[in-house]
Amino acid sequence: MLFFATTINYIDRQVIGILKPFIEKDLGWSEAGYGYIVTAFQIAYAIGLITTGRFLDKFGTRIGYLWAIVIWSIAAMAHSAARGVVSFASARFALGLGESANFPAAVKSVAEWFPKKERAFATGLFNSGSTVGAIIAPVIVSGISVAFGWQWAFIVTGALGFLWIAFWLTYYQVPEKHPKVSGEELQYIIQDKDEPDNTVSMKWTDLFKYRQTTAICATRFISDWVWWFFLFWTPDFLSKTHGINLKEVVLPLVIIYSVSSVGGIGGGWISSKFIKAGKSIDFARKTTILICALIVLPVMLVSQITNIWLAVILISLAAAGHQGWASNIFTIVSDIFPKQAVGSMTGLSGFAGAIGGALSASFVGLILQGTGSYFLIFLVASSVYMINWLILKLTIKEIKPLNI
């Protein structure tokens, strides 16, 4: 269920990036105008993360996910009625508010349903929905747009969330309330003896008392925008630098997001494998993040490459590195913070990432409008994951549960 929610989440947010070169011609957007539309999404996403994390910790994932998908599905469909920068920005703002609950809810569900040794792999599995959604979206969107027009692409993809809701209400419960969870399975799920006392209440403001909060938020702030950039600008980059059209862009995007899906699952698998081999959680998470950072570095060369398939390979590796990093940074939250604070902490760190994304979206739009070159953007994107690893290495001496 978490995988499919994340898949739908990314289908809905990816539509505008795929159609950007074509809506741009139809409605006369500028590069800066598109940057402002993306910024509207990021600002709303940031606002939503601050509130939804706390809402999820208070009311639970069953109710939280339900309302989130209702809001973002309606907002996704509303894009079909937009005609200018302001109306598109308004629809994106509403979409961002709804979609902001997805990752806090999913990470919280993983913390509730899995012991620590399995969480990174489980996170990698549900997070792969982001790349599967990005793979499916070009196929669906291009087919619908060519046959019926770009407006119908927003309507059809937006309606998928309502189908998911029916399954969610039918099947999902927390382990303690699920009728099919045996006593033995429940004991397996809650096996970690070093878990903090879950009866201790943590206020949202209490999170700021810990340097771990600052470190995780800093890594999200400087890195989350890279994934948004891949989602919202890759089709445009390939169209303008390699001259491909709406039909031709499908295969490169499928390759990029297929590889990134492997990276997300692989990042979680490697980390969990280290732990099962007897390594500490600290070693497993930090070493895997270092591996992911090294994989991203070559993307700095992509804007200088004339061969489209070599460019696709480098972007694919960078996207895979990002997803492997994401699988571990999400899991680090549940490694450190007590379960009843995981939603709030995921929301807070996501807020930091969304603010970074909002600032970078306008920055990317203005850079492209001013220079017409992607070189500086890819150069910065290639380096931030090594900085992330250094931040974690220097500020969190050991990844372990907080003593609340």
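We did not get these values from a lab; they are worked out from the coordinates using the rules stated. Fair warning: this is a prediction, and the values are worked out from it, not measured in the lab. Cβ atoms come from the backbone with ideal geometry, glycine included; neighbour counts cover every protein chain shown.
Remark on S280: its backbone amide H falls under 5 Å from none of the residues 5 or more positions apart or on other chains, H modelled at 1.01 Å from N. Taken one residue at a time, the phi angles of region 33-39 give Karplus couplings (6.51, -1.76, 1.60, θ = phi - 60°) of x, 5, x, 5, 5, 5, 4 Hz. Gly and Pro are set to x. Quick one: helix 102-113 against the long Cα principal axis of the chain, what's the angle to the nearest 10°, folded into 0 to 90? Once rounded, the angle reads 30 degrees. Please list, by residue number, everything in region 308-350 whose backbone N is under 18 Å from a paramagnetic label point 7 Å out along Cα→Cβ of L251. Label zone hits: 308-316. Can you give me the angle between helix 308-336 and the longest principal axis of the chain, using Cα atoms only, in degrees from 0 to 90, rounded to the nearest 10? Helix 308-336 sits at roughly 30 degrees to that axis. At full extension, S80 and K339 could sit 89.3 nm farther apart than now, given 0.36 nm per residue minus the alpha carbon distance.
Spread over its residues, the convex hull of the C-alpha atoms of region 315-404 is 107 Å³ per residue.
The HN-Hα couplings worked out from phi for region 47-59 by the Karplus form 6.51 cos²θ - 1.76 cosθ + 1.60 (θ = phi - 60°) are 4, x, 5, 5, 8, 5, x, 5, 4, 5, 5, 7, 10 Hz, whole numbers, x standing for Gly and Pro. Name the residue farthest towards the positive end of the dipole of the chain from the options Y210, Q323, I270, assuming +1 on Cβ of Lys and Arg, -1 on Cβ of Asp and Glu, about the Cα centre. The residue sitting most towards the positive pole is Y210. Tell me whether region 49-155 comes out rounded, prolate or oblate; compute the Cα gyration tensor, take square roots of the eigenvalues as a ≥ b ≥ c, and use a/c under 1.5 as the rounded threshold. Taking the square roots of the gyration eigenvalues as a ≥ b ≥ c, region 49-155 is oblate. Annotation: amide H-H contacts under 5 Å for I244 (H modelled 1.01 Å from N, sequence separation of 5 or more, or interchain): S239.
Relative to the Cα centre, the charge distribution of the chain, modelled as +1 at Lys and Arg Cβ and -1 at Asp and Glu Cβ, gives a dipole magnitude of about 440 debye. For K286, go through the lysines and keep the ones whose alpha-carbon is under 16 Å away, minus same-chain ones fewer than eight residues off. Counting by Cα, and skipping residues close in sequence, K286 has these lysines nearby: K116, K117, K273, K276, K393, K397, K400.
Place +1 on the Cβ of every Lys and Arg and -1 on the Cβ of every Asp and Glu in the chain, take the dipole about the Cα centre, and give the residue among I190, S260, S80 whose Cα lies farthest towards its positive end. Projecting each Cα onto the dipole axis, the largest value belongs to I190. Select one label from [x] 22.3, 72; [y] 20.2, 62; [z] 31.9, 111: the one whose number is Rg and Dmax of the Cα atoms in Å as derived from the coordinates shown. Checked against the structure: label [y].
Distance between the pseudo-spin-label points of L297 and L186 (7 Å out from Cα toward the beta carbon): 5.0 nm. Spin-label pair F363-L169: with each label point 7 Å from Cα along the Cα-Cβ axis, the two points sit 4.3 nm from one another. The stretch between F283 and S87 holds 65.8 nm of extra length on full extension. This uses 0.36 nm per residue minus the Cα-Cα distance. 3J(HN,Hα) along region 347-362, derived from phi through the Karplus expression 6.51 cos²θ - 1.76 cosθ + 1.60 where θ = phi - 60°, amounts to x, 5, 5, x, 4, 4, x, 5, 5, x, x, 5, 5, 6, 4, 5 Hz, with x in place of Gly and Pro. Rounded to the nearest 10 degrees, the angle from helix 2-27 to the longest Cα principal axis of the chain is 20 degrees. Computed over the Cα atoms of region 337-383, the ratio of the radius of gyration to the Kirkwood radius (Rg/Rh) comes to 1.23. Under the criterion of Cα pairs below 8 Å and six or more residues apart, the relative contact order for region 110-233 equals 29 percent. Per residue, the average separation of C-alpha pairs within less than 8 Å and at least 6 apart gives the chain a relative contact order of 29 percent.
At an R0 of 22 angstrom, the distance between the Cβ atoms of T214 and K273 translates into a FRET efficiency of 0.15.
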